[in-house]
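Working notes, beginning with the structure itself.
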Amino acid sequence: MSNHKMQDPITNAGILLQELPIKWKEMIFLGIFLIVLGTVGVVASSLLTLTSIFIFGGLVFAGGVIQMIHAIQTKEKDWSGKFQHIFIALLYLIAGMIIFFDPLATSIVLTILLASLFAVIGVAKISYALQCKKQDWKWLFPASSGLLNLILTTIVIATLPESAFWLIGLLIAIEMLMSGWFLLLLGLRVKKMKQNEVSIEL
């Protein structure tokens, strides 16, 4: 009975290893890559904010252009939704131009959206930490990371609108750092378990 109980954590860990979508080498590489990007983003948070806003504006404007071209080139006379399609394309084009010409207002809106996203990510990480705790995995780091996400969300809402212009880049950089360290530690954990499996087989 005692031997069976001692084998349960190992069996459960093996099952979790099989469910991982990527290998430990890829997790370590991606983790280091995100850590480097996050470090650069912290140093140049304003530039990262401005870059993210213009990229977002460019994507919105490009989406409007594509929809407008499609609506104009369509020759079907019975297409009842053509006017609505053109109207939506115009909205995309106008939104894209507003983003370019008023990046501060856009940064405020994006900051609120990012705050909501970080809150969801924080809850998801805490939920994952609870699952790791049940499987005897290290759970303090994902739990702490999720709690930090929720704290950052509170800070974002409390400091609007003054810090919206640079805060987006800083939050993105911090999230990349946390995700990078999470993947790096998880990859190292999986690597250690793989090595233990090989030593047991030998």
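The values are calculated or read from the model by the stated rules, or taken from the named source; none is laboratory data. All figures in this text were calculated on a predicted structure; none of them were measured in a lab. Positions of Cβ are generated from backbone atoms using ideal geometry, with glycine treated the same way; all protein chains shown enter the neighbour counts.
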Exercise. Do we find a residue being more than 19 Å from Thr153 (Cβ to Cβ) and surrounded by 13 or more Cβ atoms within 10 Å (Cβ to Cβ) anywhere in region 104-115?
Worked result: yes
For this session: Six or more apart or on different chains, Cβ under 6 Å: which pairs go from a residue in region 22-49 that's crowded, with 18+ Cβ neighbours inside 10 Å to one that's part of a loop (DSSP other than H, G, I, E, B) and at pLDDT 80 or above? Could you list them?
Result: none
Exercise. Yes or no: Leu186 at pLDDT 75 or above, part of a helix (DSSP H, G or I), buried (at least 17 other Cβ atoms within 10 Å of the Cβ) and out of contact with any strand residue (DSSP E or B) (no Cβ under 6 Å at 6 or more places or on another chain)?
Worked result: yes
Seminar exercise, completed: Of the residues in region 118-137, those that are without any contact (Cβ under 8 Å) to a residue 40 or more places away in the chain and loosely packed, with under 15 Cβ neighbours inside 10 Å come to Val120, Val123, Ala124, Ser127, Leu130, Gln131, Lys133, Lys134
